[in-house]
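Presented below is the structure to which this report refers.
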Amino acid sequence: MASGKVFPNYPAAIASTLVEGWLEEAAQRIRPEFDPRVYGDLDGDPHAAIQAAIDAASERPTGGCVVVPSGRFPLSNTLSITASNVSLVGQGSSTVLALDSPAAGKHIVSVTGTSNAPLTGVRVSNLRIQGHGDDSGATADRHGIYVRWSDGMKLSRLWASDCTFCAIRVDDSEHAVITDITVEAGTRGATGGWYGVQVANFTKGQGPRGYSGHHVLAAVNAHVPEHAVSVYLCDDVTVTGLVSTGAQNDYAVNWTGARRVIMSDFTLSTAGGGYIYVERDDTLGTLRESADCSFMGGQCRGLVTASAVQVRDLHGVYLTNAPDTSLTNVTLDCSTQTGTTHGVEIASTSPRSRLTDVRVVGPVKSGVRVSADDVSLTRVTVSGARGNGATNGGIEASGARLAVAGCRVDAGAGNGIYAASQYGSIIDNFVTGCAIDGVVAASADMTVARNHSTGHTGVGFRSGASAARLRLLGNLAQTNTGGNFSLHASATQPSVDRFNKGLTNDVQARSSSFTVGLLDLVNVVDASAAARTVTLPAASAVPNGKQYIVKNKAGSANDVTVQRAGTDTIDGATSKTLTAGQILRLVSDGTSLWNEV
């Protein structure tokens, strides 16, 4: 009886693609069938018999369908399809096409047209391919099924094992549909091939189709040591329902110089490798960056990154030369990660990247590290980040105009959010239980608003020396061992509204002379024992309109003198004197004048 796959409970989008493919396969069966047993000795020389059937189908103007029966058929050479409208169909996993030695040929099945006349209407389906590869190395020109110069190629219900490099490679082609593919652990090696499925344009855009792809990959299950799916210099590709295991040497998914690639509903369970790598290609003389790629609905686990066989230090997700890339509803388990890497690394060459509803667990350094401009992080959750450097954090950022909104950072060994992002905004986030500080603003012109920062060993909210014109608006800080708010003295012109909760300095009781700090909004001075002097901050160090209040406590026996800093003036004077019970309200003009109001 024919052996076929059981139809699983796929999401609707994947199931629709699979059913469409199965119906098209049934329609192709209406074409004349060619039985290899008619064209040769399938037991004695299976390659000759199957190839003869393919050639006979190729000679018909309307093509034909070569139907291979169940059995294992060792091939002495590559099976080659060079004509349109030819199908090669088996009886399920019980139909095995195998190359038993490297001398037998480069590929198991080769489908090749020409650049000016790509093949159309070709299908390979419902069979198993078995190569002669192992895990000791990769030979880049040997694949299970190799397709080049085709349009509308259909590859479906295929099993592959022991392929030397790619189980399936589709090159310089358009509109391929690759569905229901299983790349299994093989009998010779521990994995099914170096790569699972690769779609590429190795003419590097110089062919008649440029970088066009428009390929669809659905329900691919790959156990390989490197990339389960690789997209190389190929645009407009959709990948859905990918399940990857293995990937101990590199990233499970790799886009290189690829644009508008969408991947959804994926599970990446690596044996130590990283999850997603989006990068540029620089083999053209000038680089071609990846761009506008999206990853939606994924579960990732198994990242280690400390192995001699790995080709690089591996982040969970690494975006470099990948502008406008987005991750949505993706979980990254980095709890077994080692080395010096991060959960998500967004390099400076990947501006306008977006993370939404992304969860990062236990990264060895920062959960998300951003060096690019105009990046947005929305509802990102980071727990247990292990990096304890001065700038490490659940979220660590240095690119300009960063937007962090609705995120949660819990129990990190470093800071909660560390942002050196000019014009950046940190709004509506919840940060708790970090070993250093909760939220650190370390660049100019940042807005930190409506955040909750609690339970840290350090400070709830801290500004760095370069955080000029920082706006702290409506934040809540509590139960932080190092204090709730701390503004660096060199961070000029901060704006701190009275709706920040946890400002321990907002009403200060003083019994000695002092200099007003940036957060000392209301100062009640007890001059009972002796006269006191209160020195104002420089008017230029606080924003225009900033108000401070100084009161000489009622019943004090002595005066309180409020004096300027430097050459500032207080309503034209150098100082003001307060008797017992008097109050002085001063507003800065942001340059050199304090106005009494």
query = Using a simple spin-label model with points 7 Å from Cα along the Cα→Cβ vector, what separation in nm is obtained for D141 and S70?
reply = 3.9 nm
request  = Starting from the Cα-Cα distance between D374 and A185, subtract it from 0.36 nm times their residue separation and give me the gain in nm to one decimal.
outcome  = 63.8 nm
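Expressed as a rounded percentage, what relative contact order does the chain have, with Cα pairs under 8 Å and six or more residues apart? Can you show the working numbers first?
Values: 2030 pairs, mean separation 28.3, N = 597.
For the chain, the relative contact order is 5 percent.
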request  = Subtracting the Cα-Cα distance from 0.36 nm times the residue separation, let me have the gained length for T331 to V38 in nm, one decimal.
outcome  = 100.1 nm
key: Separation in nanometres of the label points that stand 7 Å from Cα toward Cβ, at T82 and Q206   = 2.3 nm
ask   = Against the longest principal axis of the chain, how steep is helix 12-28, in degrees 0 to 90 to the nearest 10, with axes from Cα atoms?
value = 20 degrees
note = Label model pair R352, A411: point-to-point distance (7 angstrom along the Cα→beta-carbon line) in nm is 3.9 nm
task = Between the alpha-carbon centers of the stretch 357-397 and the stretch 514-569, tell me the distance in whole angstrom.
result = 41 Å
Förster radius 22 Å - calculated FRET efficiency between A554 and R585 (Cβ-Cβ, nearest 0.05) = 0.85
ask   = What's the extension gain from S592 to D100 if we count 0.36 nm per residue and subtract their Cα-Cα distance?
value = 168.5 nm
query = For the stretch 444-552, what's the radius of gyration and Dmax over Cα atoms, in angstrom?
reply = 14.3, 43
key: For the chain, average projected area of the Cα convex hull in nm²   = 31.3 nm²
query = What's the angle, to the nearest 10 degrees (0 to 90), between helix 46-59's Cα axis and the longest principal axis of the chain?
reply = 90 degrees
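Taken together, the values in this text are just the output of simple stated rules run on the coordinates, not laboratory data. All values reported here derive from a predicted model rather than from experimental measurement. Quick reminder, even Gly has a Cβ in these numbers, built from the backbone with ideal geometry, and neighbours come from all protein chains shown.
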